[in-house]
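The values are calculated or read from the model by the stated rules, or taken from the named source; none is laboratory data. Bear in mind that the values here come from a model prediction, so they are computed numbers and not experimental data. Quick reminder, even Gly has a Cβ in these numbers, built from the backbone with ideal geometry, and neighbours come from all protein chains shown. Heavy atoms of the whole protein, side chains included, go into the accessibility calculation; ligands, DNA and RNA do not. Shrake-Rupley method; radii C 1.70, N 1.55, O 1.52, S 1.80 Å.
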Amino acid sequence: MALARFIRSCEEISPRLLTLDPDIVAPLCTDWTRRVTGHALGLARPSNEAELAAVVEAAVEAEIHLQLQGGNTSLVAGATPWGDSVLLSSARLREVGDPDLTSLSITAEAGATAAEVNAALAPHRLKLGVDLASRESATIGGMVATNAGGIHVVRYGPMRSQLLGLRLVTPAQGAIGRLSPLYKDNTGPDLAAIAAGSEGTLGAVAAAALKAVPILEESVVALLSFGSFSAAAEGARRIRRSPAVSALEFMTHAGMDLVSRHLGRELPLAGAVYLLAEFESAFPLLDHVVEVVEDSVPSTSALAFDARGRAELWRWREAHTEAIATAGIAHKMDVALPIASLEEFVSWVEGPFAAENPELDVYLFGHLGDGNVHVNLVGAEPDDLSPDEAVLAKAASMGGSISAEHGIGRLKAPLVHLVRTQAEIDAIAALKAAFDPDGILNPGVLLPTPKGRHATENLAPGRLA
Ligand code: MLT
Ligand code: ZN
């Protein structure tokens, strides 16, 4: 009955709004890692904010759960639908405004990809401050919802720091917020900042006004190899002091070797641990970069100054995700540590943890400059949470976070208690209740559902339905 009512409402909003065609809906029900497969009753694709608000209102009236989805690039099943949900996609919310060259900003609807927004900015020698490997499919709405980080956080901060305005559709308040690009607005709590990182549990992003940063003419990428993580961490400590650093990433031999086989290319440098550092400036960089690289004492290094060379070095870092995916269904843990504790954490994963779990292939890489390690484990059963829990508990015990940038999604919802007290969880639940009192949006994401059903029961492929 509820579904029939929802279908009728959607038809009234627009005859092309909702599809129930399983050939269209089913492919959207598996997360990017293939670890979780769900099921959805249908797919709603609003074409503008008014339609988006009307769908959310119809869902509230019919008591239908909505699972928000952008580019479906979540690595924690944050966009995977659950049982009785309808997918609410931003695929038709694609408009990108003209860059505002006075305030250095741009407005984009939720379904525009990062690459599309950058394409609009590039002729003006501008770009978004956030960049990530999935730039061709990751959408602005999803990036705001997860407070996406990526490769330039060390310089520009995450998605929350890029927000100058936001339009959000919530079940309780309808469409709220502004798009005028304000660098300062202290009119009480910042609703845009609260929505960023709430993983679509408070509202659906309709559009965002984002900062644009200048594309700097001088750019150098350095790939450096080291004999140990400890040596690389010391090198990174020195590189991080350079005012020109715009990315500071790390990889280990295991991942580089996998990428080498995946791409069919020889490793460019031999080493146990690698750093990839990007330097950008409006002023000549050569002498500065050579000095910084020498000071970091690598075993070997390769520098690239032209666009093609830079892209080739970046490929060694950015191909990690796809190369690991070809090795199997990875358990992906995205932890943040105090930077001073990174070495101890990595030694634990590669030492005692790996020894206790010899069946697992361990691939570590990430954003060293942000203290963000991506722990990828291949060889565990998709619904076995124990390796995830061990790694995340270790990070938590060291004062870290169980999610640096990927979010909590469904996969880590049962483990939020590792880093949040019950009082903090209650505060997050109260916020949810204020925006979405009936628990319509993204049930099971971030927090257990209002019905009390816990996300753990939803892990295995085929068990979400
Ligand atoms: C990355 O840094 O490449 C992304 O977070 C994706 C991943 O962790 O696999
Ligand atoms: Zn990352």
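One table, with the values for the structure above:
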{"read-out": "Residue list for the stretch 384-430, filter: in the same structural domain as Leu337 (by TED's automatic domain parsing) and over 25 Å from Ser134 (Cβ atoms)", "value": "Asp384, Ser386, Glu389, Ala390, Ala393, Lys394, Ala396, Ser397, Met398, Gly399"}
{"read-out": "Condition broken by Asp98, with the remaining ones in (1) within 30 Å of Pro382 (Cβ to Cβ); (2) away from ligand 1 (no atom under 16 Å from the Cβ) satisfied", "value": "(1)"}
{"read-out": "Which numbered condition Val362 fails, given (1) within 16 Å of ligand 2 (Cβ to nearest atom); (2) β-branched (Val, Ile, Thr); (3) open to solvent by 10 Å² or more (accessible area, probe 1.4 Å)", "value": "(1)"}
{"read-out": "Criterion violated by Asn72 - all others in (1) at negative phi; (2) assigned to a loop (DSSP other than H, G, I, E, B); (3) open to solvent by 10 Å² or more (accessible area, probe 1.4 Å) satisfied", "value": "(1)"}
{"read-out": "Any pair with Cβ under 8 angstrom, 6 or more apart, that starts in the stretch 314-327 at a residue that is more than 12 Å from Ala133 (Cα to Cα) and in contact (Cβ under 8 Å) with a residue 12 or more places away in the chain and ends at one that is in a helix (DSSP H, G or I) and of a type in the set (A, V, I, L, M)", "value": "Ala323/Leu258; Ala323/Val259; Ala323/Leu263; Ile324/Leu258; Ala327/Leu258"}
{"read-out": "Total residues in the stretch 40-92, condition of a type in the set (Val, Ile, Thr) and in contact with a Pro (Cβ under 9 Å, 6 or more places away or on another chain)", "value": "3"}
{"read-out": "Filter result (of a type in the set (A, V, I, L, M), open to solvent by less than 20 Å² (accessible area, probe 1.4 Å) and either at positive phi or touching a strand residue (DSSP E or B) at 6+ places or on another chain (Cβ under 6 Å) (or both)) within the stretch 106-125", "value": "Ile106, Ala108, Ala110, Ala112, Val117, Leu121"}
{"read-out": "Any hit, the stretch 423-435, residues being surrounded by fewer than 18 Cβ atoms within 10 Å (Cβ to Cβ) and over 30 Å from Val205 (Cα atoms)", "value": "no"}
{"read-out": "Selection count, the stretch 213-244, where residues are open to solvent by less than 20 Å² (accessible area, probe 1.4 Å), under 30 Å from Asp98 (Cα atoms) and in contact with a Lys or Arg (Cβ under 7 Å, 6 or more places away or on another chain)", "value": "2"}
{"read-out": "Qualifying positions in the stretch 75-96 - small (Gly, Ala, Ser) and open to solvent by less than 30 Å² (accessible area, probe 1.4 Å)", "value": "Ala77, Gly78, Ala79, Gly83, Ser85, Ser89, Ser90"}
{"read-out": "The stretch 367-392: number of residues that are more than 17 Å from Val76 (Cα to Cα) and within 16 Å of ligand 2 (Cβ to nearest atom)", "value": "5"}
{"read-out": "Which numbered condition Ser137 fails, given (1) open to solvent by less than 30 Å² (accessible area, probe 1.4 Å); (2) under 26 Å from Pro443 (Cβ atoms)", "value": "(1)"}
{"read-out": "All positions within the stretch 386-422 that are touching an Asp or Glu at 6+ places or on another chain (Cβ under 7 Å), within 16 Å of Asp370 (Cα to Cα) and open to solvent by less than 20 Å² (accessible area, probe 1.4 Å)", "value": "Gly407"}
{"read-out": "Checklist (1) of a type in the set (S, T, N, Q); (2) under 30 Å from Lys412 (Cβ atoms); (3) in contact with a helix residue (DSSP H, G or I) (Cβ under 6 Å, 6 or more places away or on another chain); (4) open to solvent by 50 Å² or more (accessible area, probe 1.4 Å) applied to Ser301, failing item", "value": "(2)"}
{"read-out": "Helices (runs of 4 or more DSSP H) (entirely within the stretch 273-385) containing at least 2 residues that are more than 15 Å from ligand 1 (Cβ to nearest atom), farther than 21 Å from Ser219 by Cα and out of contact with any strand residue (DSSP E or B) (no Cβ under 8 Å at 6 or more places or on another chain)", "value": "342-348"}
{"read-out": "Test: His331 is at pLDDT 95 or above and closer than 22 Å to Leu269 by Cα", "value": "no"}
{"read-out": "Breaking point among (1) among the hydroxyl-bearing types (Ser, Thr, Tyr); (2) farther than 21 Å from Ser137 by Cα; (3) surrounded by fewer than 20 Cβ atoms within 10 Å (Cβ to Cβ), for Ser47", "value": "(2)"}
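A quick yes/no check of all residues on (1) modelled with pLDDT of 95 or more; (2) over 13 Å from the mean Cα position of the chain (by Cα); (3) closer than 24 Å to Leu164 by Cβ:
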| residue | (1), (2), (3) |
| --- | --- |
| Gln67 | yes, yes, no |
| Asn72 | yes, no, no |
| Leu75 | yes, no, no |
| Trp82 | no, yes, no |
| Val86 | yes, yes, no |
| Arg94 | yes, yes, yes |
| Asp100 | yes, yes, yes |
| Leu104 | yes, yes, yes |
